[in-house]
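Read the figures in this text as sums done on the coordinates, not as results from a lab. Note that the coordinates shown come from a computational prediction; the quantities given were computed from them, not determined experimentally. Heads up, the Cβs are rebuilt from the backbone with ideal geometry, glycines too, and the neighbour counts pull from every protein chain shown.
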Amino acid sequence: MQQAGASPDCDVLVIGGGPAGSSVAALLAERGRRVVLIEKDKHPRFHIGESLLPHNLPLLDRLGVRGQIETTAQHKHGIEFVSPFHGKSVRYEFAKAWDNRFPYAFQVRRSVFDHILLRNAGAKGAEIIEECRVTAVDFPENGHPLVSARDKDGVTRQWRAAFIVDASGRDTVLASQMGAKERNPRNDSAAIFGHFSGARRLEGRAEGNITIVWFEHGWFWFIPLADGTTSIGAVCPAAFFKNRGTDLTNFFMGLIASSPEIADRLKDATLVGNVTATGNYAYASKTTSGRNFLMAGDACAFIDPVFSTGVYLAMKTGFWAADAVDACLSKPHRAAGVLKRYDVMTRQALNSFTWFIYRIREPAMRNLFMSPRNWFRMEEAVLSLLAGGIFDGWSIRLRLYMFRAIYYATKLSNVRFRVNGEPRSAGVSKPRKASS
């Protein structure tokens, strides 16, 4: 049994070896902290969420891994939205964002990407323990937190740590243990996805761009990868999946057939591997931190991936977590204030994206994205949001608030049209050539 005042086995124990966990482990190990990272799987391993944002690049530079990532990644210069409700597609280029220092991002194989980040953390001094699943974390009133885990041989192992970082992703180890995990009632979605070879991509410089295609039941992602495969996924209300009435593969192929744009791009393609589905898509923890612990990345919240925010927010919160943990260990008397600031920054980052995400299926929001206008440089501000530049000052925030005002005016106008019996849209047709 742990004795009060006993020395910890490590300064920081990180649960999870994804982008958040590997980032915080590398940064703290660089600062001389004794870091143990426990990962349930053996890397490389499959993971969904292959599309990065331009503002991931300075984070990769800071970790010193950008060169390794770039040699295995597909360049992504922008994003394309396709709307059958408008009969056209629109492309946005990151180079036209308010801050144009980051004109591209990467599409990555997460198995490769995550493995590079994990190896980097180990090279910087973190102890990496794979194939070991955390089963419980105890927080005694006196003494250090105690982490229990079970390794691949079924042996229970324990560590005492001065501080715990939960970066366990959708496993949400601490939030689940504490009963703090809550589903997001405003975005009760599920996803189904697979990989295809031979998919028709955009041409030239736009070949690696992500495409978002709206359809009757939600939206598709189309993510080209450097090895020639393309990640295809559909995000729909969770209730829509419950009555599918067939196996996953046939259900997925039926969804693809219902979207003329996606069906056309995949008409000569071949499904590679299995079709996978995941539910409980959007959630958040009621708390992100407490005495001797904090949560980073998907361990504290996950939002709809329509803007490809997953890896970016995981790494960004991992960077903030490293600063917060280091400050808590250096000056324990200031820990409460440090963790409060961490909580505020994390929730502000999530909220910056979620306002748009909650409304992405609304006709008014589709209308605005499909008919871009750069009034008062609002288009540049929205592009900065899509690039991950949500912390670039009040000039961008002000224009995003202006965009919100236009959205509400557009929505009100749509309501008046319906009240007066006027049509909501011109109907559905095959998308035309992209405009910008």
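When the chain is fully extended, how far beyond the present Cα-Cα distance does Asp153 get from His75, taking 0.36 nm per residue of separation?
Working: separation 78, 0.36 × 78 = 28.08 nm, distance 4.08 nm.
So the extension gain works out to 24.0 nm.
As an exercise, find the ratio Rg/Rh for the range 1-129 from alpha-carbon atoms, using the Kirkwood inverse-distance average for Rh. Before the final figure, lay out the partial values.
Numbers: Rg = 18.8 Å, Rh = 16.7 Å.
Taking Rh as the inverse mean 1/r over Cα pairs, Rg/Rh reads 1.12.
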key: Segment Thr278-Ala238, extension gain: residue separation times 0.36 nm, minus the distance between their alpha carbons   = 13.5 nm
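Just tell me, in residue order, which DSSP H segments of the chain are both 15 angstrom or longer along the helix axis (alpha-carbon based) and at least 0.0 in mean Kyte-Doolittle hydropathy.
Numbers: long enough: 19-30 (16 Å, 0.99); 110-123 (19 Å, 0.16); 310-330 (30 Å, 0.80); 335-358 (33 Å, 0.16); 394-419 (37 Å, 0.11).
Passing helices, by number: 19-30, 110-123, 310-330, 335-358, 394-419.
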key: Burial ranking of peptide ranges 334-345, 92-103 (average Cβ count within 10 Å, highest at the top)   = 92-103, 334-345
message = Taking θ = phi - 60°, what integer Hz values does the Karplus form 6.51 cos²θ - 1.76 cosθ + 1.60 yield along the range 39-53, in sequence order, with x for Gly and Pro?
response = 10, 6, 9, 10, 7, x, 9, 5, 7, 8, x, 8, 9, 9, 10
inquiry  = Greater than 22 Å separation of Cα atoms is the criterion. Which listed pairs, Lys42/Lys76; Lys181/Lys340; Lys124/Lys316; Lys286/Lys331; Lys76/Lys96, meet it?
reply    = Lys42/Lys76; Lys286/Lys331
inquiry  = Can you show me the helix-derived [θ] at 222 nm for the chain, built from DSSP H runs with n ≥ 4 at -39,500 (n - 2.57) apiece and divided by the number of residues, rounded to the nearest 500.
reply    = -11000 deg cm²/dmol
ask   = With a 10 Å Cβ neighbour count serving as the proxy for reagent exposure, in which order, fewest first, do Met295, Met402 appear?
value = Met402, Met295
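What fraction of the Cα pairs in the range 337-414, stated in percent, has a spacing above 17 angstrom? Mind dumping the intermediate values first?
Working: 1433 of 3003 pairs.
For the range 337-414, the share of Cα pairs beyond 17 Å comes to 48 percent.
How would you rank 378-388, 364-374, 282-292, highest first, on the average number of other Cβ atoms within 10 Å across their residues? Please report the intermediate quantities before stating the final value.
On the way: 378-388: 24.5, 364-374: 16.4, 282-292: 19.4.
In decreasing order of mean packing, 378-388, 364-374, 282-292 become 378-388, 282-292, 364-374.
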query = Which whole-number percent gives the relative contact order of the range 175-284, counting Cα pairs below 8 Å spaced six or more residues apart?
reply = 42 percent
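Rounded to the nearest 5, what % of the DSSP beta bridges within the chain are antiparallel ones?
Values: 54 of 74 bridges.
Approximately 75 percent, going by the DSSP bridge assignments.
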task = Work from the charge dipole of the chain (Cβ charges, +1 for Lys and Arg, -1 for Asp and Glu, about the Cα centre) and give the residue of Tyr104, Leu398, Leu255 farthest towards its positive end.
result = Leu398
task = For the chain, build the charge dipole from Cβ charges (+1 Lys, Arg; -1 Asp, Glu) around the Cα centre, then report which of His43, Gly17, Gly208 sits farthest towards its positive end.
result = Gly208
task = Treating only the Cβ atoms of Lys and Arg (+1) and Asp and Glu (-1) as charged, compute the dipole magnitude of the chain about its Cα centre; round to the nearest 20 debye.
result = 1220 debye
task = May I ask you to sort Thr309, Thr410 by Cβ crowding, counting other Cβ atoms within 10 Å and putting the fewest first?
result = Thr410, Thr309
key: Fraction in percent of alpha-carbon pairs per bin - 10 Å, the chain   = 4, 21, 30, 25, 13, 5, 1, 0
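For the range 189-278, compute Rg over Rh where Rg is the Cα radius of gyration and Rh is the Kirkwood radius from the inverse mean 1/r over Cα pairs.
Details: Rg = 12.6 Å, Rh = 13.2 Å.
That ratio equals 0.95.
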request  = Taking each pair of different alpha-carbon atoms in the range 50-111 once, compute 1/r for the pair, average those values, and report the inverse of that mean as the Kirkwood hydrodynamic radius in Å to one decimal.
outcome  = 12.8 Å
